[in-house]
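Novice: Please read through the structure below; I'll follow up with questions.
Nothing in this text is a laboratory measurement; each read-out follows from the coordinates by a stated rule. Keep in mind it's a predicted model, so treat the numbers as computed, not measured. Every residue, glycine among them, receives a Cβ derived from its backbone with ideal geometry; neighbour counts consider all protein chains shown.
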Amino acid sequence: MNVLRLRGAAAAALAATTLLGGLGLPSAPPATAAETPPAARGAAHGVPGGTLAGAAAASGRFAGTAVAADRLDDPAYARIAATQFSGVTPENAMKWESVEPERSRYTWDDADRIADFADANGQDLYGHVLVWHSQLPAWLNEGDFAPAELRTLMTDHIAATAGRYRGRVDRWDVVNEAFDEDGTFRDTIFHRALGEDYIAEAFRAAHRADPGAELFINDYNTDGLGPKSDGMYRLVKKLTARGVPIHGVGFQSHLVLGQQPEKMRANLQRFADLGLDVVITELDIRMDLPVTRKKLLRQAAEYQAVTDACTAVRRCEGVTVWGFSDADSWIPGWFEGEGAACPYDEAYRPKPAYHAMRLAFTLAGWRSGPPGGRRMS
Ligand code: 9MR
């Protein structure tokens, strides 16, 4: 939950937490050493008491992580997610197949749990995702619906999901991965039935369901300049000119070590110049296994470069990593022989990438004025 959407005492309490975070102090009371798992103790090394969330707040941004509802049962996992990060995105729990596995039978437990976690820890909640061709329930994917019926299914789904979390989700991925690599529209059940207008319709439905949420379109391989990013640029320019309620663009940033996107900062800036906010939404940087010290250091430099690209753009609101630990990452299951993509290792110890990201936020905070506004002589 964003400070802007809180009122009264809740806002004051959160402002105090944010201020503490900005000073590099943990936002939750520290546990005693005896009850702190070794991995979490490791997380506190570096600047005493410092956190990624605190460093990001000092630069006026959030540091987020994707979370899996069932992993919140693990105290070490929950503690890092709660204390190091100021934003959470449900990795799978809000997807259509998760919330409506059978037609009209809704299962909100996991999504509710993550929303409650975000509230309890004063974190931003990034809703993911309303309209996406993947992870659709079978009844929808394999159904044979006339265009008008599919349109109603889509807008009803948005009304149900965004409506349920109205006032609690700060940002929604309304449409995800709408483009092919050449910048043309991806062939999906929505595009096939409704053409490109499904996108504007989805945004209007999301705005009706939760008028206070910031509405994003999100994609991968749009992080740097290139044909896919050009396709996204053309679309969002058109949508904003037509007055469609779209407020931001998400750049997933599922990156490969040694293959940094072309001119990421310039790319983020051109979207910001359209009057839109931008967020790095799903950052990870995978490598060929085995891990070496050299690869970890290179990965750190690349995490730093991505964070720098965000902090160089005034309208970049934050960076979310797609899972904080290599133990929970989607990468090994999808890319054989690759992994180690996250800022924490499999034992929940911070890697060089963690420190690089935190340093990048910290320095960005100093560039915009030292903590507490002290004047340097
Ligand atoms: O991390 C998610 C993984 O657990 C799922 O199995 C997968 C299914 O498609 O989705 C992963 O998350 C994706 C995200 O929702 C959208 N952008 C790409 C992410 C990685 O595939």
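Novice: First obtain the Kirkwood hydrodynamic radius of region 119-220 from its Cα pairs, then insert it into the Stokes-Einstein equation at 25 °C and 0.890 mPa s, and state the resulting D in µm² per second as a whole number.
Specialist: D, rounded to a whole number, is 174 µm²/s.
Novice: Here is a follow-up. So what are the ³J(HN,Hα) numbers for region 345-351, from phi and the Karplus equation (6.51, -1.76, 1.60; θ = phi - 60°), rounded to whole Hz, Gly and Pro as x?
Specialist: The phi angles translate into 7, 5, 9, 6, 9, x, 9 Hz.
Novice: Hey, another quick one. Stretch T107-A148 to full length: gain in nm at 0.36 nm per residue minus the Cα-Cα span?
Specialist: Contour length minus the Cα-Cα distance gives 12.2 nm.
Novice: Further question: With 10 angstrom as the radius, rank R164, R234 by how many other C-beta atoms surround their C-beta, starting from the fewest.
Specialist: Details: R164 18, R234 11.
Arranged by neighbour count, lowest to highest, R164, R234 become R234, R164.
Novice: On to the next question. Sorting T152, T222 on the 10 Å Cβ count, fewest up front, what's the list?
Specialist: T152, T222
Novice: Quick one: plug the Kirkwood hydrodynamic radius of region 282-377 (C-alpha pairs) into Stokes-Einstein at 37 °C, 0.692 mPa s, and report D in µm²/s. Numbers along the way, then the final one.
Specialist: Values: Rh = 14.2 Å.
Estimated via Stokes-Einstein, D reaches 230 µm²/s.
Novice: Using only the Cα atoms of region 260-333, what are the Rg and Dmax in Å?
Specialist: 13.9, 43
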